[in-house]
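Below: the structure, in structure tokens.
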Amino acid sequence: MSSDSATTGPSAFETRSLGAIGAEVRGLDLRRAISDDVFDVLRELVMREGLVLFRGQALTSIEQIGLGQRFGPLEQLDVRAEQEEPTLVVIGNLDSKGEVLPADATHMKLISINEGWHTDSSFREIPASFSVFSCVVGPEVGGDTFYANLRRGWVDLPEDLKARLCGLRGVHDYAAAYRARGNDEGGMIGYDLPAIVHPLVRRHPETGTTGLYVSEHISHIEGMDPAESRRLLDELLNHTTAENRIYRHHWSVGDVMIWDNRSMLHRAQGFDQRHPRVMHHVRVGGFERPIAAT
Ligand SMILES: [Fe+2]
């Protein structure tokens with residue numbers, strides 16, 4: 001256990017490692033007002049660690065939206081929303097009566113896109129910066145989330161491969177990713193937008209560190225032979241998400257996770273349909289287009 005700041009006086013919080021990547025914060029109540037000084041330390045911590053976990057924080061929707069807005073303006077995640085105001089989305093396996101949906105329900109098929117390794121909103125020209133996830137109903141088993149660090153994936157690559165990757169661009173094609181999971185009706189977030197290219201190696205806009213920008217939502221590498229593209233993407237993803245480089249989180253009610261999409265991959269394990277699971281999510285918009293590393 002280590003103190004993360006000497007500047008925050010009685011509000012100082014402690015951190016502990018979650019293992020290969022990530023940190024847990026203790027001693028900071030997200031439901032109480034957080035001073036700008038403490039928030040700045042927290043924001044730096046999220047960027048340095050990639051993901052930060054809090055436990056025992058049953059945030060109201062308003063509190064979670066407010067927390068997200070400290071990081072920046074939120075994205076509108078509901079494609080059918082009529083109101084302009086971005087808000088919190090519920091990700092769960094319950095119907096309107098609170099009954100667990102069957103695995104083949106349309107809604108479950110739609111959200112199965114989250115089971116591929118991805119960074120949030122890479123279908124946008126300016127993808128998301130931070131995400132805030134909280135657990136409202138925790139499943140006894142299943143429903144875990146896996147995290148991998150794209151910076152770590154880059155650092156460990158052989159130098160000749162690094163040189164080859166700089167300058168390449170990945171085609172982020174959400175419609176293809178949805179269709180691959182049996183969803184072809186449109187009207188889903190990212191589905192109706194054209195595929196978009198982003199650099200395969202990016203420089204973090206705030207920390208300046210270099211990381212891969214790979215995802216299972218990339219259909220291919222621009223201008224590359226399809227088979228070679230597939231082989232290279234699989235190699236990079238497998239390397240970055242190797243068992244000894246990831247953090248796997250089993251959710252309990254009151255858990256809050258904040259991560260930096262500019263340096264982190266994540267994926268859902270998928271729902272165990274014997275158990276209800278309900279998460280609340282707010283997503284912070286990005287601030288600039290991904291910057292290619294040179
Ligand atoms: Fe996600």
Is it the case that some residue within segment 149-170 is within 13 Å of the ligand (Cβ to nearest atom), in contact with a strand residue (DSSP E or B) (Cβ under 9 Å, 6 or more places away or on another chain) and more than 17 Å from Arg289 (Cβ to Cβ)?
no
Name the residue that is least open to solvent (accessible area, probe 1.4 Å), counting only residues in segment 238-255 that are closer than 18 Å to Gly50 by Cα and without any contact (Cβ under 8 Å) to a residue 40 or more places away in the chain.
Ala242
Evaluation of Tyr213 against (1) touching a Gly at 6+ places or on another chain (Cβ under 9 Å); (2) farther than 13 Å from Thr294 by Cα; (3) open to solvent by 30 Å² or more (accessible area, probe 1.4 Å); (4) touching a residue at least 60 places away in the same chain (Cβ under 8 Å) (one fails), failing number
(3)
Given (1) surrounded by fewer than 16 Cβ atoms within 10 Å (Cβ to Cβ); (2) at positive phi, Pro73 misses just (2)
Boolean, Ala227 is over 30 Å from His275 (Cα atoms), surrounded by fewer than 19 Cβ atoms within 10 Å (Cβ to Cβ) and either in contact (Cβ under 8 Å) with a residue 60 or more places away in the chain or among the aliphatic types (A, V, I, L, M) (or both)
yes
Residue by residue through segment 237-252, note down the ones that are among the polar types (S, T, N, Q) and either under 19 Å from Val155 (Cβ atoms) or within 14 Å of the ligand (Cβ to nearest atom) (or both).
Asn238, Thr240, Thr241, Asn244
Counted residues in segment 261-283 being within 13 Å of the ligand (Cβ to nearest atom) and either of a type in the set (Lys, Arg) or touching a Lys or Arg at 6+ places or on another chain (Cβ under 9 Å) (or both) come to 5
Look through Asp234, Asp225, Asp255 and report the one residue that is away from the ligand (no atom under 14 Å from the Cβ), closer than 18 Å to Asn114 by Cβ and among the acidic types (Asp, Glu).
Asp255
For segment 256-279, enumerate the residues that are buried (at least 22 other Cβ atoms within 10 Å of the Cβ) and more than 30 Å from Val201 (Cβ to Cβ).
Val256, Phe271, Arg277
Within segment 114-138, restricting attention to residues that are closer than 14 Å to Tyr178 by Cα and near the ligand (Cβ under 9 Å from one of its atoms), which residue is most open to solvent (accessible area, probe 1.4 Å)?
Asn114
Can you tell me which residue is farthest from His239 (Cα to Cα) among those in segment 139-148 that are part of a loop (DSSP other than H, G, I, E, B) and within 14 Å of the ligand (Cβ to nearest atom)?
Gly143
Of all residues being without any contact (Cβ under 8 Å) to a residue 40 or more places away in the chain and open to solvent by 20 Å² or more (accessible area, probe 1.4 Å) in segment 169-190, which is nearest to Ala242 (Cα to Cα)? Just the residue, please.
Ala180
Please list, ordered by first then second residue, the pairs with beta carbon atoms under 6 Å, 6 or more apart or interchain, first in segment 35-56 and in contact (Cβ under 8 Å) with a residue 40 or more places away in the chain, second part of a helix (DSSP H, G or I).
Val52/Leu45; Val52/Val46
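The values are calculated or read from the model by the stated rules, or taken from the named source; none is laboratory data. This one's a predicted model, so the numbers in the text were calculated from it and none came from an experiment. Using ideal geometry, Cβ is built from the backbone for each residue, glycine included, and neighbour counts are taken over all protein chains shown. The area values use the complete protein model at the heavy-atom level, side chains included, leaving out ligands, DNA and RNA. Shrake-Rupley method; radii C 1.70, N 1.55, O 1.52, S 1.80 Å.
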